[in-house]
Amino acid sequence: MKLADRTHNMRTIDAMSPARRRAIARETLEIYAPIAERLGLYNLKLELEDLGFRALYPQRYRVLERALKRARGNQREFLKKIEQQLTAALLKNDIAARVDTREKHLYSVYRKMQRKRAPLNEIVDVYGIRVIVDSADTCYRALGGVHSVYKPMPGRFKDYIAIPRVNGYQSLHTTLAGPNGVPIEVQIRTDDMHRVAESGVAAHWRYKSGSDPGSSQQENAREWLTHLVELQEGGSSEEFLESVKVDLFPDKVYVFTPKGEILRLPSGATVVDFAYAVHTDIGNRCVAAKVDRRLTPLRTVLRNGQTVEIITAKGAMPNPSWVNFVITAKARSAIRHYLKSLRRAEAITLGQRLLNQSLGEFQLSIEEVTPSAMQSAVGELGMKDIDELFERIGLGERLAPLVARRLLPPDPQEAGGSGGPSPLAVAGTEGLLVSYARCCFPIPYDPIFAFLSSGRGIVIHRESCVNVEDYRKHPEKWRPEPHGRARGGRRGDRQHGDQHRSRRRRGARRRYLHAHLRAQGARP
């Protein structure tokens, strides 16, 4: 659905502003076109690439399009001659085949120019040939017939039939030295392989709905779809985007298990990537590895054809540093998921212990707190459940003493006879440990000065207090509040004249101090 929607958007992208066109085109080339290729939707992938190329680099698109049109004059006769020669050679070997010629698309040519850092006149293989036969066995026979007409170029042969790509794609690829030494890319495949290459794994299920459900092609498709789901386990949109960008491009490394099974991994994959590709539990418990029977570090980058053996240990767990060198989405998401789960379980246990310790100061325990009081505190703090509350306490995001006070039975005397919580004394101190200086005894509506003190949290002084002069030289410890005043108190304090205000404030300060000491358990 997303690919169909993006294709429609790209077809009508000219109606958007230039900046918006470039942003959408870049996203299409980096994300949506590789996803279409991974799904095997070759035709859709080509359309998305060409539309994205035209929208992102309109000038380059026009120049390259004009240059290729000029080169197509002699190209048709050239391709027709090759098609006739290959068809005749295959018939001579009693091979019934269909030979198709095609021109490579603009974006494919542009990418090749970028890769080789070469101008267009040096990119000669801008067209390819497909040979369609009836069976996989005939593909290899046709390969010999093709090589009898034109000599193969060394190092340019790939067998995707014996080792299919991760999206189910199968074909034989060979590059030949054609007439006048011009390179020709030839792909040899069956009708079923051609349908999968053009329209994806869904095409195979459509045409083979009555076939054996255990066929290798079906198993390859199921394996890839399972891997596609694993891409979405990153935990956040940023992690998923990172996984998609790294993991959606064609795999280039083929390594073997000790039993001879082949695993496909992206270029640059490490031993840990291999372990998670085998199974998530193997990756979580791996402690060492042997590559070609030699012990190697877990961060070793694998190469084609190597045999890898993973050594596991009971009780082992992933190392957080692995995230720095693994490149596959499955390995990265599995490591992060395991570490998050582990940290959360430890945080919940620690938070429960801290809260129980704080409740012990009031001769209570978590078991003695009523479920309704616990649920009420969870709701007031905006948590989903009790475990989240414990987790926040364990991570230090909530202070256990403050949460413990919320869980105490209501005391009408402390709440002013209302039975509810007392009002907040200083704005902005929600969830913080606050203590009041015993030298100046600040009361409501006093201008205040606050600083951080080890073991006491935020200490509140009157702004005129002589004991805060030294702290003014250390701005990292305090936050001045030039306009801030403590909240609460009586409005009448502001309405009396200067003559009576000082006497009333001294009396209020004494009453406030006595109330504060009673609230603290009469401790000095």
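The values are calculated or read from the model by the stated rules, or taken from the named source; none is laboratory data. Treat the numbers as computed from the prediction; the structure is a model and nothing was measured. Cβ atoms come from the backbone with ideal geometry, glycine included; neighbour counts cover every protein chain shown. Only protein heavy atoms, including side chains, enter the accessible area calculation; ligands, DNA and RNA are left aside. Shrake-Rupley method; radii C 1.70, N 1.55, O 1.52, S 1.80 Å.
Of the residues ALA347, ALA334, ALA313, which single one is open to solvent by less than 50 Å² (accessible area, probe 1.4 Å), in contact (Cβ under 8 Å) with a residue 60 or more places away in the chain and not charged (D, E, K, R)? Sole residue among the options that is open to solvent by less than 50 Å² (accessible area, probe 1.4 Å), in contact (Cβ under 8 Å) with a residue 60 or more places away in the chain and not charged (D, E, K, R): ALA334.
Assessment of the range 84-94 against the conditions (among the aliphatic types (A, V, I, L, M), in a helix (DSSP H, G or I), modelled with pLDDT under 85 and under 30 Å from GLY144 (Cα atoms)) yields no matching residue. Look at (1) modelled with pLDDT of 90 or more; (2) buried (at least 18 other Cβ atoms within 10 Å of the Cβ) and you find that GLY178 fails only one, number (1). I'd like to check something: does the range 110-126 contain any residue that is touching a helix residue (DSSP H, G or I) at 6+ places or on another chain (Cβ under 6 Å), under 23 Å from ASP159 (Cα atoms), modelled with pLDDT under 90 and not in a helix (DSSP H, G or I)? For the range 110-126, residues touching a helix residue (DSSP H, G or I) at 6+ places or on another chain (Cβ under 6 Å), under 23 Å from ASP159 (Cα atoms), modelled with pLDDT under 90 and not in a helix (DSSP H, G or I): present.
Of TYR61, TYR32, all but one fail to be touching a residue at least 12 places away in the same chain (Cβ under 8 Å) and more than 27 Å from the chain's Cα centre (by Cα); the exception is TYR61.
Could you list all residues from the range 327-371 that are hydrophobic (A, V, I, L, M, F, W, C) and not in a helix (DSSP H, G or I)? Listed by number, the residues that qualify are ILE327, PHE362, LEU364, VAL369. Taking the range 331-382 as the range and being among the charged types (D, E, K, R) and within 30 Å of ASP281 (Cα to Cα) as the test, the residues that pass are ARG332, ARG336, LYS340, ARG343, ARG344, GLU346.
Out of curiosity, is ALA36 open to solvent by less than 20 Å² (accessible area, probe 1.4 Å) and under 17 Å from GLU198 (Cβ atoms)? Criteria met by ALA36.
Would you please name the residue that is farthest from the chain's Cα centre (by Cα), looking only at residues in the range 351-371 that are over 11 Å from ILE393 (Cα atoms) and of a type in the set (Gly, Ala, Ser)? Among those residues, the one meeting the criterion is GLY360.
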